[in-house]
1. Would you work out the relative contact order for the range 105-225, in percent, from Cα pairs under 8 angstrom that are 6 or more residues apart?
2. Going by the alpha-carbon gyration tensor, a ≥ b ≥ c the square roots of its eigenvalues, is the range 67-225 rounded (a/c under 1.5) or, if a/c is not under 1.5, prolate (a/b greater than b/c) versus oblate?
3. Quick one, can you get me the convex hull of the C-alpha atoms of the range 132-181 expressed as volume per residue in Å³?
4. Which net charge results for the neighbourhood of Ala129, defined as the other residues with beta-carbon distances under 12 angstrom from its beta-carbon, given Lys and Arg at +1 and Asp and Glu at -1?
5. Students often check this: by mean Cβ neighbours within 10 Å, which of 84-90, 191-197 ranks highest, and how do the rest follow?
6. Hey, what's the Cα Rg ratio for the range 86-134 versus the globular rule of thumb, 2.2 N^0.38 Å?
7. Regarding the range 102-170, what's the average projected area of the Cα-atom convex hull, expressed in nm²?
8. Karplus couplings for the range 156-167 from phi (6.51 cos²θ - 1.76 cosθ + 1.60, θ = phi - 60°), rounded to Hz, Gly and Pro as x?
Amino acid sequence: MIKKILSIGFALSLLLLFEACRDESLNPVPVFDPAVHGFCIFDGVAFDGKINNRPQGYEKDYAKNFPTSAQDQGKVDFKIRWVSLDNKLTVNKIEIFVEMKEYYQDAEGNNKTTSLGQKLITTVSTPTANRQWNSFSLTPTQIFTAFKDATVKYDKVNDVKVFANPKNLRPTGKWFNGSEDFIVTWKLYTTDGKIFKSGGSSGICGDVTSVSEANSNCQLTFDVK
């Protein structure tokens with residue numbers, strides 16, 4: 001019995017020594033910081049709410065688009081919500097960005113695509129609580145104002161303003177004609193100073209889980225139709 005007690009005591013001593021000497025930086029199990037993600041959809045798109053039936057367009061691209069005429073009166077409505085799965089962070093600002101892509105033919109007649117960059121278009125300055133929707137709209141006027149000075153080297157040499165391109169002239173009030181795409185992304189700001197972009201892991205951008213209040217995505221795309 002005494003030998004057994006001594007053996008147990010020796011084993012406990014080795015265990016305590018191991019714990020005292022263990023380098024936590026070498027621990028293969030990572031400690032994850034709290035995070036938030038966003039879920040943005042086209043507002044007004046029909047959705048039946050069935051768990052395993054996500055209708056094409058509910059949060060997919062091109063569910064809504066700018067009109068082909070009277071664009072100064074047009075808009076596309078969206079809803080966005082932020083999600084903190086562990087309820088450890090609070091979002092106090094959401095910035096909405098748009099990247100504009102221009103489709104054109106070069107001097108040799110080859111189809112080309114170029115990005116005009118990404119611009120901050122609007123801000124949700126006082127977001128609602130975790131998992132609650134926030135509404136916002138994007139208008140042709142907003143996007144034209146943001147990109148009106150953008151240029152492209154259509155001939156690979158000279159900068160030409162996109163909205164003054166004689167080969168694709170867009171008149172006032174009808175600035176967009178379908179030769180462009182608009183890609184909506186967002187940034188989430190938390191009360192403790194963290195910033196989360198809409199992007200990153202494939203788990204966020206390629207969310208294929210059933211519809212729930214924890215869904216996420218990274219961008220939405222629309223154009224003119």
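The values are calculated or read from the model by the stated rules, or taken from the named source; none is laboratory data. In this text the structure is predicted, and so the values were computed from the model without any measurement. Please note: Cβ atoms are built from the backbone with ideal geometry, for glycine as well, and neighbour counts cover all protein chains shown. These area figures cover heavy atoms from the full protein model, side chains too; ligands, DNA and RNA do not enter into them. Shrake-Rupley method; radii C 1.70, N 1.55, O 1.52, S 1.80 Å.
1. Reported relative contact order: 18 percent.
2. It comes out prolate by the Cα gyration axes.
3. Each residue corresponds to 106 Å³ of Cα convex hull volume.
4. +1
5. Highest mean packing first, the order is 84-90, 191-197.
6. Normalised Rg, Cα atoms only: 1.90.
7. 6.3
8. Going residue by residue, I get 6, 10, 9, 6, 10, 5, 4, 7, 10, 5, x, 7 Hz, with x marking Gly and Pro.
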